[in-house]
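Following: one structure in C-alpha cells, then a few remarks.
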Amino acid sequence: MKSESLVRLLAGTVTLTGVALAYYRGPIWLLVPAFAGLNLIQSVFTGICPPVWLLGKLGWLEEDGTIRVGGAKRDRP
C-alpha cells in the first residue's frame, strides 16, 4: 500500500467515526472530522503529514512511498 492511500483511508475513517459519534453522542464530536480536515489542509501547505512521518520513524516506509509493515527489510541469502 502506498502512503497516500493510507492517509486517505485514515482521513475517511476518522471523518466517518466523528460523524457517527456526533449523531449518537453529541455535536461536540464534530471536532474530530474538523481536525482531520484541518490536518489534510495543513499537510498540503507544509508537506508534513503526521501518519507518514510516524511510519518513517518506525522504519515502515520505503523510498518509493510503499508501506512495509513489520520494520526493517531483511536481506535473504
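Every read-out reported here was derived from the displayed coordinates using simple, explicitly stated rules and does not represent laboratory data. This is a predicted model, so every value here is computed, not measured. Glycine gets a Cβ as well: all are built from the backbone with ideal geometry, and neighbour counts include every protein chain shown.
Descriptive notes on the structure:
- Of the trypsin sites (Lys or Arg not before Pro) found in region 1-66, the ones in coil according to DSSP and having at most 13 other Cβ atoms within 10 Å of their Cβ are Arg25.
- Cβ-based charge dipole, the chain, positive-most Cα from Trp60, Pro50, Tyr24: Tyr24
- Mean Cα-pair separation over length for the chain, i.e. relative contact order, pairs under 8 Å, 6 or more apart, %: 29 percent
- A simple charge model with +1 on the Cβ of Lys and Arg, -1 on the Cβ of Asp and Glu and nothing else charged puts the dipole of the chain at about 220 debye relative to its Cα centre.
- Overall form of region 3-48 per C-alpha gyration tensor (a/c, 1.5; a/b vs b/c): oblate
- For the chain, calculated [θ]222 nm from helices alone, where every DSSP H run of n ≥ 4 adds -39500 (n - 2.57): -20000 deg cm²/dmol
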